[in-house]
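Below is one structure, written out as structure tokens, with a few remarks after it.
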Amino acid sequence: MEEEEAEIYDGVRAQFPLTFGKQSKSQTPLEQIHNTTIRKAPPTSAANAETQSSLSSSSKAWLDSLRPTPKSSSNPTPSLGPPPPRPTGSNSFVAHVSIGPPRPQARGVDDDDDGEVMVGPPRPPPGLAAANDEEEDGVMIGPLRPPEPADSDEEDFLYRIPTSNEIVLGGHSKVVSALAVDHTGSRVLSGSYDYTVRMYDFQGMNSRLQSFRQLEPFEGHQVRNLSWSPSADRFLCVTGSAQAKIFDRDGLTLGEFVKGDMYIRDLKNTKGHISGLTCGEWHPQAKETILTSSEDGSLRIWDVNDFKSQKQVIKPKLARPGRVPVTTCAWDREGKRVAGGIGDGSIQIWSLKPGWGSRPDVFVEKGHSDDITCLKFSSDGQILLSRSSDCSLKVWDLRQMKEALKVFENLPNNYAQTNIAFSPDEQLFLTGTSFERESKTGGVLCFYNRAKLELVSRVGISLTSSVVQCAWHPKLNQIFATAGDKSQGGTHVLYDPTLSERGALVCVASAPRKKSLDDFEVQPVIHNPHALPLFRDQPSRKRQREKTLKDPLKSHKPELPMTGPGFGGRVGASKGSLLTQYLLKQGGMIKETWMEEDPREAILKYADAAEKDPKYIAPAYAQTQPDPVFAKSDSEDEEK
């Protein structure tokens, strides 16, 4: 029975070509594509730098083998990938380090053995590590043994910052000051000081990394902030004007908030902001509520369905009466509290509750010595981060706001939109620095540990540009950082092919379509006979011009000279160009003797007659006319 089925299959298969059903191989392998986006200068971890220098060469080789690499063969050769698995479960340990979520922190299992159950592979004896350091140049037999676990190594594997590869979403002509990535991670918005907003779609973008739409929200005003709605169907655009705009997902304008009356002194009586906006953010949960701050010294809560008036006006607490600009604003995770950074350096927090007013619940009078550029709540509502133009980043405990928990100094900040971002698990927080001529580092991303409040890593983004906005997307596991200067700007996307998902991986792998010789695009011709005379196409007058050129009278074409004896009543040039000349020459009345005469003698033969019998001009000057003196020929002068 099986032989009959095989014969039937062979007979049917013979009717089709050999290539039928076979998939064509990809031209460029995926690994080669990602190799082109590898960062040239990998980031160095501050916590890992000291421990790496103290390890031996075999330990460093073992650490390098733990990096995600293709599966090695069964041959235990150290130079061809990681060591083979051990029967004690070391294979599971390696897989856990290289793939999957970060492992939890150890709770004293490695420090003291009190009879507790050990989870994972057994650590090597303490004497082996010292012997390994002494015999660094010796020949090692067998697979590499793991080194002693160090806290810094565990932290480095625990953080797992995806910075191995990098792409740049360009297109802007100035620094990129605003960034927004939707919750699904498919679309990216970037706003710049060149007054435009560019929209990128990872699913529809190829390796050219071009935006599919460009907007200019408000002519002549810089883009200062962008924020997606919770459902990612609309986004808020805040510019330097006094009116914020709402756009849909495709970039079409849905509405513009009203501008207030600048001649009304009390800001609570105005319908909107009266000065340029500084920041704006969508409510984290409510789809119809947004928050904006302005240079007029107020924060306003708006309803997206009503563009004519705001819902609530918040006036910050001031030491002296006047108008101090509000430089930034932020919601907490649940949308129950609002934070504002005031131009005098104070930080104020309001709780949204029934009957609440403009009096802040938390007031830090001297939070910073300069303008505050960003405020960020943690998801658990215990930590508040603040970034300022005084080159510092401060960590605040919301339960005790009298003093900051930690102050990080020497972080240059020259832009009013420099922000802070948390990692997906909020173990880290990061911020960017501005470029300064005195320093040699350029724009850098700084990563800090939230629990230990210390610097973890510094990632260089650009040597000549400043890093303004940053974000770490939880679903994509990719880091976005905007940079630029006065002449160019772009969004840098950092990712790791083994840790990240979708996003940059999708667009880098899709190559642009190659143009074919058979491509042909017809240029459309639109005929509109009923258009107004101003917009009507001018009729073609080519035939009329050709007819006019052929007509000698209309074209005013001169007559060409006749050659030869002449014809058609015209006399040739050899006999004279006019009929009268021709007749006089034939009759002997005109004799052409001028070619044989001397012109001087022809004139002087009339001198005696003019002197004796003057007719016209000479009588009027008879008394005053000087005697003409003619030069006499001198043979000596002529010889000279």
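The values are calculated or read from the model by the stated rules, or taken from the named source; none is laboratory data. Predicted model only: the values in this text are computed from it and were never measured. Positions of Cβ are backbone-derived with ideal geometry, glycine not excepted, and every protein chain shown enters the neighbour counts. Remember, those area values only see protein heavy atoms, side chains included, never the ligands or the DNA or RNA. Shrake-Rupley method; radii C 1.70, N 1.55, O 1.52, S 1.80 Å.
Give the residues of region 363-411 that are among the acidic types (D, E) and under 35 Å from the mean Cα position of the chain (by Cα), sorted by residue number. Within region 363-411, D370, D371, D380, D390, E409 qualify.
Is region 465-480 home to any residue that is touching a helix residue (DSSP H, G or I) at 6+ places or on another chain (Cβ under 9 Å) and in contact (Cβ under 8 Å) with a residue 24 or more places away in the chain? Yes, the conditions are met somewhere in region 465-480. Only one entry of L277, L267, L299, L291 meets the criterion of being aliphatic (A, V, I, L, M), in contact (Cβ under 8 Å) with a residue 40 or more places away in the chain and over 18 Å from W356 (Cα atoms), and that entry is L277.
Among the strands (runs of 3 or more DSSP E) confined to region 191-256, the ones with at least 1 residues that are over 21 Å from C507 (Cα atoms) are located at 213-215, 223-228, 234-239, 245-248, 253-256.
Name the residues in region 493-536 that are of a type in the set (A, V, I, L, M, F, W, C), surrounded by 10 or more Cβ atoms within 10 Å (Cβ to Cβ) and at pLDDT 75 or above, would you? Those that are of a type in the set (A, V, I, L, M, F, W, C), surrounded by 10 or more Cβ atoms within 10 Å (Cβ to Cβ) and at pLDDT 75 or above: V493, L494, L499, A504, L505, V506, C507, V508, A509, A531. Taken residue by residue, region 209-228 has at least one member that is under 22 Å from H492 (Cα atoms), open to solvent by 20 Å² or more (accessible area, probe 1.4 Å) and in contact with a helix residue (DSSP H, G or I) (Cβ under 8 Å, 6 or more places away or on another chain).
Taking the listed residues T441, T491, T482, the one that is more than 27 Å from L30 (Cβ to Cβ), of a type in the set (S, T, Y) and not in a loop (DSSP other than H, G, I, E, B) is T482, with no other qualifying.
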